[in-house]
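> Have a look at this one before I ask anything.
Quick note: the coordinates plus some simple rules give every number you see, no bench work behind them. In this text the structure is predicted, and so the values were computed from the model without any measurement. Neighbour counts run over all protein chains shown; Cβ positions are idealised from the backbone, glycine included.
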Amino acid sequence: MQPRPLNEPTVSPDAPGVQEAMSYLHDRDMFPELLRFRNAGLLKCFAWVEEEVAMHMEQWEAKMAVQSISRLIQRVYEWYIAWEHAPAFMKHARGEYIALFRARWLACLPPSFTLGLRLFLRTTLPTLPANERLFHILEQLGISERFDKTFIDVMFDEVEQKILDTCPGMWREPRLDSIRKSAKDLEERWLTMVYGHMFVRTQNSENAMMMVTGRLDHFISRNLVELRTSEIFDIIVDFPDTLPAVQDLRLCMARSLYRPDFIEGLREVVNQRILQPAADTDDIITFYVSLIRCLRIIDPQGVILHKVAPPIRKYLRDRPDAVRCIVKRMTDENESFMQEGEQVVPIQQVHEPFDDYTDPHWLPEPLDAGADFRTTRPMDIVSTLVSIYDTQDLFIKELQHLLAGRLLAVRNSPLDEEIRNVEMLKMRFGEAPLQVCAVMLKDMTDSRRTNTHLHGEEPHPLYTTVISRLFWPTIQPVPLKMPGQFKTLQDSFEADFHKFKPDKNLKWVPQLGAVSLKLDLEDRTVEVEATPIQAGVIELFSEQNADTWNVELLMQKLGGIDRVLVQSALDFWIGEGVVKDEGHTYKLLERAEAMTGAPRPLMVEEAPPVDEKEKHQAEQMKIYWQFIQGMLTNLSSLPIDRIQAMLKFAPGYDRSVQELAVFLESARREGLVIFNNGAWKLAKK
Amino acid sequence: MKVAVKQWHAVAYWKWDTGATTEQDANADEDAEDDVCGICRVSFEGCCPTCKMPGDDCPLIWGQCTHVFHMHCLLKWLNTASSKQQCPMDRRTWVTAERKVDR
């Protein structure tokens, strides 16, 4: 009757003596007594099981090998079976025995068992169908019931592992579907295996399954969103290629649950990777554009964008070259802001609340939309970029600059592309702002006609672009006078032009343009592309008996241009090996000489002459100097804020305080004003 | 050494030959800047308010009184009743002058 250790032989319940004893007891109604006796014995002997459990768990904790868990379960089951056998005669007492055994043995499990079980179960996954016996044991021992949460966790672990194995870096194909499918598959197999024999599929069990399925789906979404959020920068940078990953994100984010984390992650990435002084403006714009496109897929209503974009926009606004980059790309053939099939549309006004009540797909604003969020009309990329700035004027100005630079750079290639560009921009910005650009283009075509008319079809060395000065960006005058044959060419063209258009005169802008030259030297010919100044310099060298010049003389002969310009032109010819630096003078090399020493690095190419906006601004600032002078004369001294406030009344004044400060500072250096106690004063003459 | 110009792409801008200032023009070029039309106050090299293209599309007109205007501006003025066909500057009867082609 007493439980015995496993290694001792048990008495078979069917042995003749036992049968007799049993029927004796049965007749006297002693079974309850007997049961009590047995249970007491069981409890006493349970110490053996406890010892065994403790031993295996110690092993587990020491080595973390799942075999310990496996062996433990195996052993306990052996005890369970051995002791169950003893009272085979008392069929009705079996339930009591099971409950008692389970309660006792589960009670002595340490907390670390949960983890052990979890890992152990993981190892059984690959050979799932072969483990039917194991799951039978687990159920018998009450583990399935007690640790049901662990069983579910095992499934989650497996799914997570699957995500980690197959998803990172895989952006070019959709993952979500296959993961959902494999999870579903796993769930089906696992749950049937673990619980399958416990319940028949009833409505109830279906419901229970649904719960688990729902949780699992949540789990997949959360994990995938977390993963993709950590990769979001690369996904956005590689955008159209990563479309599948973005689509996955959209599906996962259908529940707004993960949006806060996603937004937070995105913001962080933007701060760390994009809004850095080291980041190229062009890259920032590229990122911004991709970001807009991605988020438009993930969240068509634009709440996420609304939360992420403002820092980028603000940052771009502060970048001085942002407008130029945007404009350049707006007009660039290859790199368009337009996606395929997108129409050129006029620039739209932002911030214009927009609710289309006739839209059958209308949705209310999402929960996480902030108070300042307004459903705005979906804008195209260009409109979005332009709306970074308060006015379009900046863009128009920049466009004019860009176009001017490009038009003066084109040689005789057709203007079709530029014309198309301007037409396209007209559709965006409207006719009027681009009028100036249209005039520029007309100047170009007119010039072509003029040149053809004057020179006929045969090639002529001089091609002149005649521009309408007021419609081009301000060109700083350079007092360059072209020498020698250049002068002759100019004069003859000028005369011809006057004959052709009697009511117009021609004024040269000699520093602009380009010259292709062929130099015939004694031992070689040199063919180069040069700027007019460089051409002028070498022309002087070619004059008779004048193969040695100094800088001053050159400056004077060229009409008194800046020393820097002459110097850089000389450096150019030294670099070409045509001229040699001999201390204070420069000598023409009729015969090539081995370059002495390393070739001098060419001076930095002059900025394109039309790009003199800043100088121009300084010029304009001089006008306001009159106002400042007047102010300071009347009020003796003023802080800069007051000056700025008063200047605001002046017509056309649009400078910022910073620009004013720069101006005042330069005036101070010139000794016109002094700065004292935070106020500006006129310097006493 | 001989320098041969294969191709020179030069840039110039045009200015109306208003005759009067031609001589000083050469040196005082930039200062004597913008002569403006007395009617619309836009530079001669610009265009009158109704035009979009400057130059030949929006030419000037010379009066015998030596005043110069955008042609469109002046014609519009002459079409109004209050003009009495007078030059808006000196109120002499407007007579369009023949352009002296020769300087």
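> Over what distance in Å are the Cα centres of the stretch A:480-506 and the stretch A:211-251 separated?
Rounded to whole Å, the Cα centres lie 69 Å apart.
> Ranked by Cβ crowding within 10 angstrom, fewest neighbours first, how are A:Phe572, A:Phe627 ordered?
A:Phe627, A:Phe572
> Any idea which of A:Thr450, A:Ile419, A:His460 is furthest toward the positive side of the dipole for the stretch A:397-474, if Lys and Arg beta-carbons carry +1 and Asp and Glu beta-carbons -1?
Looking along the dipole axis, the top candidate is A:Ile419.
> Could you state the number of Å between the C-alpha centres of the stretch A:276-302 and the stretch A:20-76?
The distance from the Cα centre of the stretch A:20-76 to that of the stretch A:276-302 comes to 67 Å.
> Other chains' Cβ within 10 Å of A:459-469 residues: what's the mean?
5
> Averaged across A:498-506, how many Cβ atoms of other chains sit within 10 Å of each residue's Cβ atom?
Partner Cβ neighbours, averaged per residue: 6.
> Restricting attention to the alpha-carbon atoms of the stretch A:613-682, what are Rg (one decimal) and Dmax (integer), both in Å?
11.2, 33
> Consider just the alpha-carbon atoms of the stretch A:397-474 and return their Rg together with their Dmax, both in angstrom.
When restricted to Cα atoms, the stretch A:397-474 yields Rg and Dmax of 13.1, 40 Å.
> Another question about this same structure. Using the structure shown, select from A:Lys487/A:Lys587; A:Lys481/A:Lys504; A:Lys328/A:Lys397; A:Lys518/B:Lys2; A:Lys328/A:Lys426; A:Lys481/A:Lys557 the pairs with a Cα to Cα distance greater than 19 angstrom.
Pairs exceeding 19 Å: A:Lys487/A:Lys587; A:Lys481/A:Lys504.
> In nm, give the distance between the simple-model label positions of A:Arg317 and B:Met53, each being 7 Å from the Cα along the Cα-to-Cβ direction.
Taking the simple label geometry, A:Arg317 and B:Met53 are separated by 4.0 nm.
> Taking neighbour Cβ counts within 10 Å as the exposure measure, how do A:Val439, A:Val478 sort from fewest upward?
A:Val478, A:Val439
> If each residue's Cβ is checked for other Cβ atoms within 10 Å, how do A:Phe287, A:Phe262, A:Phe219, A:Phe649 rank with the fewest at the top?
So the residues, fewest neighbours to most, are A:Phe649, A:Phe219, A:Phe287, A:Phe262.
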